[in-house]
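Peer 1: One structure, pasted below without further comment.
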Amino acid sequence: MLEWNQKLSVGVESIDLQHRYLLDLINRLSIELEGHDSAYQARLIDELGSYARQHFTAEENFMYKLGYPGLEDHCKIHQDLLEKLHGQIGLYLMDMLDAEEIVKYVSAWAVRHVLTDDKKFGEFATKAKS
Ligand SMILES: [Fe+2]
């Protein structure tokens, strides 16, 4: 189980709330994937992908308004994840990858991304405020 804690805070409340939701969603999916048919599993994975996309857009708009110089690189990182996820969903639909593997991958990616890339714009936002 992934638990949000202060170490994952980027110092921006609205973004932290979205990250908490994302981690909760990942936890819920890890539980619910088990023992369900593939149509439901596919919808759960779709829920994760859709939320990730929405969250990335919100984050990118936040960075844009902030005048964050790393915006372009950050967008590229988001885009790469979405493409990777798209590929994984394709493999899942061809029965070549378990849905659990997708959630595990996104989960590890998300924590790493928050702790590195997201923290960077968080620090920039905190400095800009003071
Ligand atoms: Fe991000």
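Bear in mind these aren't lab numbers, they're just calculated from the coordinates by the rules spelled out. Values in this document were obtained by computation on a predicted structure and should not be read as measured data. Don't worry about glycine lacking a Cβ; one is built from the backbone with ideal geometry, like all the others, and counts go over all protein chains shown.
Peer 1: What angle, in degrees between 0 and 90 and rounded to the nearest 10, separates the Cα long axis of helix 13-32 from the longest principal axis of the Cα atoms of the chain?
Peer 2: Taking the Cα atoms of the chain, the angle to 13-32 is about 10 degrees.
Peer 1: Using only Cα atoms, find the angle between the long axis of helix 38-66 and the longest principal axis of the chain, and express it within 0 to 90 degrees, rounded to the nearest 10.
Peer 2: 10
Peer 1: How large is the charge dipole for the chain, taken about the Cα centre, if only the Cβ atoms of Lys, Arg (+1) and Asp, Glu (-1) carry charge, to the nearest 20 debye?
Peer 2: Dipole about the Cα centre, nearest 20: 620 debye.
Peer 1: Continuing with this model, one more query. If one computes P(r) from the Cα atoms of the stretch 29-105, what percent of pairs lie at distances over 16 Å?
Peer 2: 53
Peer 1: In whole Å, what are the extents of the chain along the principal axes defined by its C-alpha atoms, from largest to smallest?
Peer 2: Sorted from largest, the Cα extents of the chain read 51, 27, 18 Å.
Peer 1: Rounded to the nearest 500 deg cm²/dmol, what is the calculated helix-only ellipticity per residue at 222 nm for the chain, with -39500 (n - 2.57) per DSSP H run of length n ≥ 4?
Peer 2: For the chain, the value works out to -26000 deg cm²/dmol.
Peer 1: Here's something else I'd like to know. Looking at Gln88, Phe62, Asn27, which one has the Cα that reaches farthest to the positive end of the dipole of the chain (charges on Cβ: Lys, Arg +1; Asp, Glu -1)?
Peer 2: Phe62
Peer 1: Then there's this: Between helix 99-113 and the chain, what is the angle of the helix's C-alpha long axis to the longest principal axis, kept within 0 to 90° and rounded to the nearest 10?
Peer 2: 10
Peer 1: For the stretch 41-129, how many pairs of lysine residues have a Cα-Cα distance under 17 Å, where the two are 8 or more positions apart or belong to different chains?
Peer 2: 11
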